1. Cross-link partners among aspartates and glutamates for Lys105, C-alpha distance below 18 Å, same-chain residues fewer than 8 apart left out?
2. Expected output is a single nm value to one decimal: the length gained when fully extending between Val114 and Arg66, i.e. 0.36 nm times separation in residues minus the C-alpha distance. What is it?
3. If I model a spin label at Ser107 and Glu121 as a point 7 Å from the Cα along the Cα→Cβ vector, what separation in nanometres do I get?
4. Using a simple charge model, +1 on the beta-carbon of Lys and Arg, -1 on the beta-carbon of Asp and Glu, nothing else, what dipole does the stretch 1-114 show about its Cα centre, in debye to the nearest 20?
5. Sort the following peptides by mean Cβ neighbour count (other Cβ atoms within 10 Å, averaged over residues), highest first: 64-72, 80-88, 121-129, 25-33.
6. Stretch Phe46-Ala136 to full length: gain in nm at 0.36 nm per residue minus the Cα-Cα span?
7. Among Leu59, Thr77, Thr87, flag the residue with its Cα farthest along the positive direction of the charge dipole of the stretch 53-130, charges on Cβ as +1 for Lys/Arg and -1 for Asp/Glu.
8. Report the FRET efficiency, 1/(1 + (r/R0)^6), for Ala56 and Glu22, where r is their Cβ-Cβ distance and R0 is 22 Å, rounded to 0.05.
Amino acid sequence: MSSQLLIETDVLADFLITPNGERSLLRSALTQSVCYTTMVNALELFRATRSESENAAVLGMLNVVRVLGFNARFAQTFSEVAREIETRTSKQLTDREAMIVGMAKASKLSILTVTLKDRYESFESVAVLDTKAIAALREEVPNSNDAQNISREPVQTSGDLL
């Protein structure tokens with residue numbers, strides 16, 4: 001298991017809609033790894049909120065994971081990573097994919113996602129947690145203070161939190 005993970009939006013959103021007391025993939029990951037996400041993922045979550053309580057839940061979660069930003073140096077690195085993948089695989093990356101894959105590669109992070117796993121693996125450029133690793137995370141009983149101390153009220157979502 002990688003000790004440093006880049007958490008994708010699907011895993012973050014799943015945490016937000018998981019009822020209190022139930023184990024989410026993010027909560028399990030926090031017990032074993034240092035978890036990061038990007039400002040793109042944070043933006044996607046904030047744009048999906050429809051109330052102050054949803055907004056507060058996103059903010060509370062983002063206080064536990066480390067949010068990585070972008071700068072000019074990263075923009076160049078990310079474009080080089082995307083170009084290399086596109087040349088090698090003949091697959092076209094979206095700008096979002098270039099930012100996420102570029103950040104994972106530049107920061108030496110493994111990506112944790114469920115819905116985008118196959119797409120990221122097809123780039124053959126960054127580590128993506130495999131099905132066994134994800135299953136192992138789901139089996140773990142959270143015992144980390146970080147994982148247990150994400151304070152949030154139960155969130156009633158409008159149903160479209162990614």
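None of the figures in this text is laboratory data; all of them are computed from the coordinates on show. As the structure is a computational prediction, the values presented were derived from the model and not from experiment. Virtual Cβ from ideal backbone geometry, glycine too; neighbours counted across all protein chains shown.
1. Glu8, Glu80, Glu84, Glu86, Asp95, Glu97, Asp118, Glu121, Glu124, Asp130
2. Values: separation 48, 0.36 × 48 = 17.28 nm, distance 1.97 nm.
That works out to 15.3 nm of additional length.
3. 2.3 nm
4. Values: 12 positive and 12 negative charges, 63 e Å.
Roughly 300 debye, rounded to the nearest 20.
5. Working: 64-72: 13.9, 80-88: 15.7, 121-129: 18.2, 25-33: 22.1.
Top to bottom by mean Cβ count within 10 Å: 25-33, 121-129, 80-88, 64-72.
6. Values: separation 90, 0.36 × 90 = 32.40 nm, distance 2.94 nm.
Once the chain is fully extended between Phe46 and Ala136, it gains 29.5 nm.
7. Farthest along the dipole direction, towards plus: Thr77.
8. Working: r = 20 Å, r/R0 = 0.89.
Efficiency for this residue pair is about 0.65.
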